[in-house]
Amino acid sequence: MTEAFPSEEAPAADGPTEAPLELHAEPHDEAAWREDFTGLLVMGALRGWFEWCGHRIAIKTLTTEEELLVAQLTREYEGGIGGTKAYATALAGLCVEAVDRQPMPVPLGEHPGQPNKWALERFNYALRWYPPTIDAIFDAYLRLEARQRDVMAGLGKSSAQGDATPGLSARSASPSDAGS
């Protein structure tokens, strides 16, 4: 009697079936964060891409507004068994910028009563993806977020080495001084 399954060609269930995702982070503009006032708008903004099952997926780090939109989009799933899946799906929908160099779909016009309609449409689009795709994007996003923390730590180290304004120390500057 010949055993039809599992065959010797089939991968073991406890081992990886393919190489781990490799995230290609795009170079960030190290000078942009130093710009007066507007520099804060680009601190932490990173982009990257990865290949997954023959597709190139471009992602970016989320802004605070986008992270709050993820929370808003997943509110109805909180506390239930689908909460974690909804969070990963919403995050994937909002962080993906392009698939195979084609941008993610967006609404054709502004919706005055729904300024965040684009986020809902992205979430609804991502809901059509199967769980392995969501998981791959979520994993890549976590890697990009880890790189973001590393870059931010590096920026903090370089600014502490001589970019301080003369005569202004951390102890003498406080948020209340900003209005003075």
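A short reminder: the numbers here are calculations on the coordinates, not readings from a lab. Only a predicted model underlies this, so the values are computations on that prediction, with no experimental measurement involved. Every residue, glycine among them, receives a Cβ derived from its backbone with ideal geometry; neighbour counts consider all protein chains shown.
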Task: Computed lengthening from residue 42 to residue 153, 0.36 nm per intervening residue step minus Cα-Cα distance - done: 38.5 nm
Task: Amide H contacts of residue 97 (H built 1.01 Å from N, under 5 Å, at least 5 apart or other chain) - done: 58, 59, 60
TODO: Kindly list the residues of the stretch 80-106 that lie in the label zone of residue 127, defined by a backbone N under 19 Å from the point 7 Å along the Cα-to-C-beta vector.
DONE: 80-96, 104-106
Task: Amide H contacts under 5 Å for residue 46, placed H, 5+ residues apart - done: 61
- [ ] Find out how many positive minus negative residues lie around residue 82, taking Lys and Arg as positive, Asp and Glu as negative, among other residues whose Cβ is under 13 Å from that of residue 82.
- [x] 0
